[in-house]
Structure formats: C-alpha cells, structure tokens
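J.: Just passing along the structure, written as structure tokens.
The values are calculated or read from the model by the stated rules, or taken from the named source; none is laboratory data. Quantities reported herein were computed from a predicted structural model and do not represent experimental measurements. When we count neighbours, we look across all protein chains shown, and the Cβ atoms used for this are built from the backbone with ideal geometry, even at glycine.
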Amino acid sequence: MENPYMPYPVRIDDIEIATEDKSLKTFKFVFLNEGDEEKFAYQAGQFAELSIPGVGEIPIGIASSPVEKGFVKFTVFRTGVVTSHLHNMKVGDIMGIRGPLGNWYPWDKLENKNVVIIGGGFAFTTLRSSIVYMLDPANRSKFKNIDVVYGARSPGMLLYREELFEWEKRDDINMHITVDGTDDPSWKYHKGFVPQVVEDNAPKADEDTYAIICGPPIMIKFTQPSLTKLGYKPDQIIMSLENRMKCGIGMCGRCNIGKELVCKDGPVFTLDEINQTPKEY
C-alpha cells in the first residue's frame with residue numbers, strides 16, 4: 001500500500017444476504033482503477049478498512065481469498081453507523097477500501113502440516129478465505145489433513161452455507177458444522193457449542209498439527225482448554241484477534257494488549273505470544 005491513509009476507490013458489484021435475519025450481508029467489490037487490485041495484494045487472514053466518504057470507516061476481515069481474482073469480498077454485520085449505511089447502499093455505489101492491513105496466518109509454517117480451523121459466528125470471514133486458499137488445486141498438496149469446526153447460533157445464522165455443504169461432500173477436508181441448538185428435524189450435523197465439538201472431533205495434536213481460531217472472545221477463551229486437552233501446545237494454537245481493530249495502522253493505540261498493537265503486530269498471534277501479554281483471552 002503506497003499511502004496507508006488513502007483508500008482505493010471501488011464499486012459494489014454484488015450484495016448477498018448472508019443470514020436469515022438479514023443482519024449480515026456479503027459485499028463484492030471491484031476496483032475502479034487499473035492496477036489497484038494488484039496493489040491490494042493480500043494474504044488469507046488479513047483485514048482492511050471499508051471507507052465511506054462522509055460517514056466513516058470500519059475494519060473488516062477479508063472474506064475473499066487471494067486465489068479469487070477480479071474482486072474482493074467482505075461480510076459485514078449491521079451493528080453501527082457505518083455498517084448500517086453500508087447495508088443501505090446499492091449495487092453500483094462507489095466507496096473505498098483501505099489496506100490490506102495486519103499480518104496473516106503463517107502459511108509458510110503451515111506447509112506440510114495438519115491444519116485445524118475453528119470458527120464461530122460471523123468471525124468466519126478470514127477462515128473462509130483460508131479454506132478457499134488451501135483447497136485451491138495449486139495449494140491443496142501443500143497441506144496434510146484439514147479439519148474445520150464452525151458453529152453458529154442456528155442453521156440460518158451460518159455464513160456461506162452453500163460452500164459449507166459443498167466442502168462437507170469433499171474427501172480432502174473434514175467438516176464439523178454445529179449450531180447451539182435447533183428444532184429442525186432435517187438438521188443432520190452437530191448440536192452444541194464449538195469448544196465441546198472441538199474436544200470431541202478435532203484430531204489430537206502431534207508436532208505436525210496446528211490450530212487456527214477466529215471467533216468471539218468468549219469462544220476463543222473456552223476453546224483453548226479443549227485444545228490443551230488434545231495436546232496442542234501454545235505455539236501450535238494460532239488466534240486472530242481482529243475484533244480489537246480500530247484505525248488499522250497502529251496510530252490510535254486503541255487495540256493494544258500490553259505493548260502489542262493488534263492491528264500492526266497482529267491480528268494473528270500464537271497463544272504463546274498472547275501468554276506473554278496481559279491476560280485478556
């Protein structure tokens with residue numbers, strides 16, 4: 001990024017309602033200027049600021065994958081002034097994207113390893129990016145077994161449902177989809193909270209196994225003991241703390257955990273690194 005304060009101009013190319021309560025929408029953006037997509041070179045796990053002139057900007061994890069070309073995607077929860085304004089925008093509207101920002105999941109380190117991806121709620125965005133990246137034909141052979149545990153409150157609150165169920169049919173990825181509870185008799189997947197589903201279904205750790213977690217803080221907190229029971233060491237547990245984001249470039253200081261600035265030094269940390277900061281997770 002040439003100037004971290006200047007967003008790239010983009011056009012909304014498509015909008016999808018992501019959940020049954022319509023509180024989340026997935027926006028597909030295309031860059032207006034030739035060459036900006038190449039400048040916006042990102043890795044799975046990074047985030048960006050969605051910028052609306054005269055309204056403000058919000059930090060959001062990138063939901064599209066680097067292997068998907070011609071657009072970028074973000075899934076946005078309607079929760080405040082900027083997100084509400086964005087939810088009211090239409091296909092064809094112009095706005096900005098500032099980024100990419102932060103670090104990313106350590107893909108070089110994860111090559112030739114088993115990878116367990118654990119997500120909850122609408123924090124599944126960068127994990128969707130990661131799964132698409134790993135399953136790409138050019139990349140799948142770089143990784144050993146891939147397990148995914150993803151949970152939401154109810155079936156209608158699961159993100160990327162069509163993709164989830166398509167991945168579930170594949171034989172090169174193990175999907176463990178769960179909801180807190182449902183009365184739907186056709187529901188054939190897990191019922192229960194993510195930490196217990198992890199404990200019951202995730203593979204036990206060896207030196208070639210790593211876990212990536214992204215979700216609400218309470219989910220991250222209670223998933224750690226489940227992974228510990230399965231033998232995962234702190235340096236084998238990789239977490240994304242993207243909910244701490246503010247300005248995105250380490251200027252406002254509002255995302256700090258001790259001396260670490262989450263938006264600049266993270267948002268991706270190992271549990272070992274987090275254990276060396278004031279206890280918040």
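J.: Restricting to segment 259-273, and then to whatever is under 22 Å from S226 (Cβ atoms) and touching a residue at least 40 places away in the same chain (Cβ under 8 Å), can you tell me which residue is surrounded by the most Cβ atoms within 10 Å (Cβ to Cβ)? Can you show your working first?
T.: As a first pass, look at segment 259-273 and keep what is under 22 Å from S226 (Cβ atoms): 267-273.
In the following step, the residues that additionally are touching a residue at least 40 places away in the same chain (Cβ under 8 Å) were identified as 267-268, 271.
Numbers: P267: 26, V268: 23, L271: 21.
So, considering only residues that are under 22 Å from S226 (Cβ atoms) and touching a residue at least 40 places away in the same chain (Cβ under 8 Å), the one surrounded by the most Cβ atoms within 10 Å (Cβ to Cβ) is P267.
J.: Is it the case that segment 170-177 has a residue that's touching a Phe, Trp or Tyr at 6+ places or on another chain (Cβ under 6 Å), outside any strand (DSSP E or B) and either of a type outside the set (G, A, S) or over 27 Å from G56 (Cα atoms) (or both)?
T.: yes
J.: Follow-up. Can you name every residue in segment 204-240 that is farther than 22 Å from N103 by Cα, within 20 Å of the chain's Cα centre (by Cα) and assigned to a loop (DSSP other than H, G, I, E, B)?
T.: Of everything in segment 204-240, nothing turns out to be farther than 22 Å from N103 by Cα, within 20 Å of the chain's Cα centre (by Cα) and assigned to a loop (DSSP other than H, G, I, E, B).
J.: Residues that are touching a Ser or Thr at 6+ places or on another chain (Cβ under 7 Å): list the strands (runs of 3 or more DSSP E) wholly contained in segment 41-82 that include at least 3 such residues. Reasoning before the result, please.
T.: On the way: elements: 47-52, 56-61, 72-77.
Output list reads 56-61, 72-77.
J.: Still on this structure, I have one more. From the set of residues in segment 1-28 that are of a type in the set (D, E, K, R) and more than 22 Å from G80 (Cα to Cα), which is surrounded by the most Cβ atoms within 10 Å (Cβ to Cβ)? I'd like the intermediate steps shown before the answer.
T.: Restricting attention to segment 1-28, the residues satisfying the condition of being of a type in the set (D, E, K, R) are 2, 11, 13-14, 16, 20-22, 25, 28.
Adding the requirement that they be more than 22 Å from G80 (Cα to Cα) leaves 2, 13.
Working: E2: 6, D13: 15.
By that ranking, first place goes to D13.
J.: In the set R78, R98, which member is in contact with a Pro (Cβ under 7 Å, 6 or more places away or on another chain), touching a residue at least 40 places away in the same chain (Cβ under 8 Å) and basic (K, R)? Explain how you work it out, then say what you get.
T.: Numbers: R78 fails: in contact with a Pro (Cβ under 7 Å, 6 or more places away or on another chain).
From the options R78, R98, the qualifying one is R98.
J.: Can you say whether P4 is modelled with pLDDT under 95 and not in a loop (DSSP other than H, G, I, E, B), as far as the supplied structure shows?
T.: On the way: modelled with pLDDT under 95: yes; not in a loop (DSSP other than H, G, I, E, B): no.
Spelling it out, it is not the case that P4 is modelled with pLDDT under 95 and not in a loop (DSSP other than H, G, I, E, B).
J.: Would you call I17 under 15 Å from M89 (Cα atoms), free of Cβ contacts under 8 Å to residues at least 40 places away in the same chain and hydrophobic (A, V, I, L, M, F, W, C)?
T.: Numbers: under 15 Å from M89 (Cα atoms): yes; free of Cβ contacts under 8 Å to residues at least 40 places away in the same chain: yes; hydrophobic (A, V, I, L, M, F, W, C): yes.
Criteria met by I17.
J.: Now a separate question. Mind counting the residues in segment 87-144 that are assigned to a helix (DSSP H, G or I), among the basic types (K, R) and surrounded by fewer than 18 Cβ atoms within 10 Å (Cβ to Cβ)? Even if it seems obvious, please write down each step before you answer.
T.: Taking segment 87-144 first, the residues assigned to a helix (DSSP H, G or I) are 87, 107-110, 121-135, 140-142.
Now drop any that are not among the basic types (K, R), which leaves 109, 128, 140, 142.
Restricting the remaining residues to those that are surrounded by fewer than 18 Cβ atoms within 10 Å (Cβ to Cβ) gives 109, 140, 142.
So the answer is 3.
J.: Can you confirm whether Y150 is touching a Gly at 6+ places or on another chain (Cβ under 6 Å), crowded, with 18+ Cβ neighbours inside 10 Å and in a loop (DSSP other than H, G, I, E, B)? First the steps, then the outcome.
T.: Details: touching a Gly at 6+ places or on another chain (Cβ under 6 Å): yes; crowded, with 18+ Cβ neighbours inside 10 Å: yes; in a loop (DSSP other than H, G, I, E, B): no.
Against the criterion (touching a Gly at 6+ places or on another chain (Cβ under 6 Å), crowded, with 18+ Cβ neighbours inside 10 Å and in a loop (DSSP other than H, G, I, E, B)), Y150 does not qualify.
J.: Continuing with this model, one more query. Before we move on, is P106 in contact with a strand residue (DSSP E or B) (Cβ under 9 Å, 6 or more places away or on another chain) and touching a residue at least 12 places away in the same chain (Cβ under 8 Å)?
T.: Numbers: in contact with a strand residue (DSSP E or B) (Cβ under 9 Å, 6 or more places away or on another chain): yes; touching a residue at least 12 places away in the same chain (Cβ under 8 Å): yes.
Answer is yes for this residue.
J.: Follow-up. I want to confirm something. Restricting to segment 153-167 and keeping residues that are aromatic (F, W, Y) and crowded, with 16+ Cβ neighbours inside 10 Å, which single residue is nearest to the chain's Cα centre (by Cα)? Steps first, please.
T.: To start, the set of residues in segment 153-167 that are aromatic (F, W, Y) comprises 160, 165, 167.
Add one more test, that the residue is crowded, with 16+ Cβ neighbours inside 10 Å, and what stays is 160, 167.
On the way: Y160: 12, W167: 17 Å.
The qualifying residue nearest to the chain's Cα centre (by Cα) is Y160.
J.: All but one of (1) free of Cβ contacts under 8 Å to residues at least 12 places away in the same chain; (2) closer than 30 Å to E20 by Cβ hold for S129; which doesn't?
T.: Here S129 meets the rest and fails (1).
J.: Now for a separate question. Residue by residue through segment 254-270, note down the ones that are assigned to a loop (DSSP other than H, G, I, E, B) and either modelled with pLDDT of 75 or more or in the same structural domain as Q46 (by TED's automatic domain parsing) (or both).
T.: Answer for segment 254-270, where residues must be assigned to a loop (DSSP other than H, G, I, E, B) and either modelled with pLDDT of 75 or more or in the same structural domain as Q46 (by TED's automatic domain parsing) (or both): G266, P267.
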